[in-house]
Amino acid sequence: MNSVSSRSKFAMTGLMLLVVIASTAAGQNKSPVAPSEQAYNTILKQAYDNFKNDTTGKNADYIPALAQVDSKLYGIAIVTTDGRVYKIGDVDQPFSIQSISKVFTLALAMEEQGAEEVFQKIGSEPTGRPFNSIPAVVDMPTHAGNPYVNAGAIATASLIGGATADEKWNKLLAFFSKAAGTQLSLLEDVYKSEAATNTGNKAISMILAKYDRIYADPFESVDVYTKACSVGVTANQLAVMGATLANNGKNPLTGEQVIKRENVPHILSAMMMAGLYDGSGGWAWHVGIPAKSGVGGGIVAVMPGKGAMAVFAPPLDEAGNSVKAQKAIAYVADQLNMNIFSPASVGLR
């Protein structure tokens, strides 16, 4: 990546709003209906200020390490398809990616297996059940449902090629890092905490095995999946990962084609249907942007052709989605006409 060409800072009451315009190998791939720099600056600050004192929700506590994360942390980052970075708050604080990892595990499986093969083996239907439901594994025709519930994600992890679980894990980590444009790493404390409490996922893997819907050793596949969920990211890195999807699979900061462009619509469609657990339907109705959440407190929302927004705020609602992240993204989407189901998103008024 070439050097940053310009940077402007806006100081505000103990925090900094940063705007970084990157000159990248990807070139200036800017949407003709993308918001202006001034609009991004103004609306991003408003979104931060509007919700920074919201204390609704609580940290996930079924994974002990997540319960210990500071609930006051809050950061918002936007990365555009032409390499512009807008960020405010705790955007450089690492947190565990959790279920957002499912998006990029799916992407790698599609790279290796092909989209149709993955669709046939995993499926892409909402289950109508909680993301960790065991009965859903039995009731769904595909016995996995979609790649963003735990059963489907574990089965997707089992599709990653490799002679050993370590080889598969290292391949996933390298792929995640390419999407982020920087080297990511495992949060060991989160992994150990999650591995010690993942008996439900092990049970799911064995039921998948009963129906021939897992494609490698069940417990090894659970371990690969658990490590993927325990990868540490920042809101800024997560926004780059989302912008890679928004930019037809090409990382807008490094210029590397990470994901095949023909696979991106499949990935985003699944995000719209199942990206926010049991809140996905309401999210599509009110916000209309493909998004994926994780119980670590992150949400990434992808605006195809424009960019991506990532928010980190640990307290969750009952469905497992960050409360402040949902509110911040919804506000920005409304103010900047980003609902992909609205003609205004492509410039029609």
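Can you flag which of 72/227; 52/72; 87/306; 87/178 are past 18 Å Cα-Cα? Before the final figure, lay out each step's value.
On the way: 72/227 26 Å; 52/72 8 Å; 87/306 16 Å; 87/178 21 Å.
Where the Cα-Cα span goes over 18 Å, the pairs concerned are 72/227; 87/178.
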What distance in nm separates the two pseudo spin-label positions at residue 334 and residue 116, each 7 Å out from Cα along the beta-carbon direction? 4.4 nm
Could you point to the residue in 300, 119, 47 farthest towards the positive end of the chain's charge dipole, with +1 and -1 charges on the Cβ of Lys/Arg and Asp/Glu respectively? 47
Stretchable slack from residue 62 to residue 185, in nm (0.36 nm times residue separation minus alpha-carbon distance): 42.0 nm
Residues in segment 80-100 reached by a label modelled at residue 70 [backbone nitrogen below 16 Å; 7 Å Cα→Cβ]: 88-96
With respect to the cross-link table entries 58/202; 168/260; 202/250, which display a Cα-Cα separation exceeding 30 Å? 202/250
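How would segment 246-339 be classified by its alpha-carbon gyration tensor: rounded, prolate or oblate, with rounded meaning a/c under 1.5 and the a/b versus b/c comparison settling the rest?
Working: a/c = 1.66, a/b = 1.64, b/c = 1.01.
Prolate, since a/c reaches 1.5 and a/b exceeds b/c.
Counting Lys +1, Arg +1, Asp -1, Glu -1, what net charge surrounds residue 71 among other residues with beta carbon under 12 Å of its beta carbon? Show your work: numbers first, answer last.
Values: positive: 58, 72, 324; negative: 54, 61, 70, 90.
Charge balance near residue 71 sits at -1.
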Per principal axis, descending, Cα span of segment 180-335 in whole Å: 46, 36, 32
Likely footprinting exposure, 42, 199, 127, fewest C-beta neighbours within 10 Å first: 199, 42, 127
Going 7 Å from the Cα of residue 171 toward and past its Cβ, which residues in segment 95-114 have a backbone nitrogen under 16 Å from where you end up? 104-114
Which of the aspartates and glutamates could be linked to residue 210 by a straight reach, that is with a Cα gap under 15 Å, when you skip same-chain ones fewer than 8 residues away? 139
Can you compute the modelled spin-label distance between residue 138 and residue 344, with each label point 7 Å from Cα toward Cβ, in nm? 4.7 nm
Read phi for every residue in segment 65-75 and hand back ³J(HN,Hα) as whole Hz from Karplus 6.51 cos²θ - 1.76 cosθ + 1.60, θ = phi - 60°, with x for Gly and Pro. 5, 6, 5, 8, 6, 4, 6, 8, 4, 7, x
Give the relative contact order (percent, whole number) for the chain; include only Cα pairs under 8 Å separated by 6+ residues. 24 percent
Residue by residue through segment 126-143, the couplings from Karplus 6.51 cos²θ - 1.76 cosθ + 1.60 with θ = phi - 60°, in Hz, x for Gly and Pro, are x, 8, x, 10, x, 4, 10, 5, 7, x, 4, 5, 7, 7, 6, x, 8, 6
For the chain, go through all pairs of different Cα atoms, get the mean of 1/r, take its inverse, and jot down that Kirkwood value in Å. 19.8 Å
Check which residues have an amide H placed less than 5 Å from residue 129's amide H, if you skip close sequence neighbours. none
Once the Cβ-Cβ distance between residue 36 and residue 197 is put in as r, and R0 is 56 Å, what FRET efficiency do you end up with, to the nearest 0.05? 0.75
Rank these for me by crowding, 241, 272, 140, going from fewest to most other beta carbons within 10 Å. 272, 140, 241
As a Kirkwood estimate from alpha-carbon pairs, segment 274-327 has a hydrodynamic radius in angstrom of 10.9 Å
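Taken together, the values in this text are just the output of simple stated rules run on the coordinates, not laboratory data. Just so it is clear, the structure is predicted and the values come from calculations on it, not from any experiment. With ideal geometry, Cβ positions are generated from the backbone for all residues, glycine too; neighbour counts draw on all protein chains shown.
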